[in-house]
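What follows is a short report on a single structure.
Read the figures in this text as sums done on the coordinates, not as results from a lab. Only a predicted model underlies this, so the values are computations on that prediction, with no experimental measurement involved. Neighbour counts run over all protein chains shown; Cβ positions are idealised from the backbone, glycine included.
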């Protein structure tokens, strides 16, 4: 999966998880997101399911969810972390 595909998947997951606010189709990756607490929990669950990563919503830094770009960076870091563990580093 390339970075553009990842960004598009994350955009779709954020859009599906937003009960009240949704996101604009022209939202730029660095623009701030407004996620209510329930939407955030649903988004975290979707990210965990799709990318097979573990995100503890009780202790995660909410700055990782301030924009599509931040979410993308966070997921990429989680995927690298998972790969490192698999390789035994």
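The table below lists the values:
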{"read-out": "The chain - mean residue ellipticity at 222 nm from DSSP helices (-39,500 (n - 2.57) per run, n ≥ 4, rounded to 500)", "value": "-19000 deg cm²/dmol"}
{"read-out": "Two-site label geometry, residue 7 and residue 26: point separation in nm, points 7 Å out along Cα→Cβ", "value": "1.7 nm"}
{"read-out": "Cα long-axis angle, helix 68-87 against the chain (0 to 90 degrees, to the nearest 10)", "value": "20 degrees"}
{"read-out": "Gap separating the Cα centres of region 1-64 and region 65-87, nearest whole Å", "value": "12 Å"}
{"read-out": "Cα long-axis angle, helix 3-17 against the chain (0 to 90 degrees, to the nearest 10)", "value": "50 degrees"}
{"read-out": "Principal axis dimensions, the chain - Cα atoms, whole angstrom, descending", "value": "42, 29, 20"}
{"read-out": "Most mobile of 36, 49, 26 in a GNM of the chain (Cα contacts under 10 Å)", "value": "26"}
{"read-out": "Cβ-Cβ FRET estimate between residue 86 and residue 50, R0 fixed at 22 Å, reported to 0.05", "value": "0.80"}
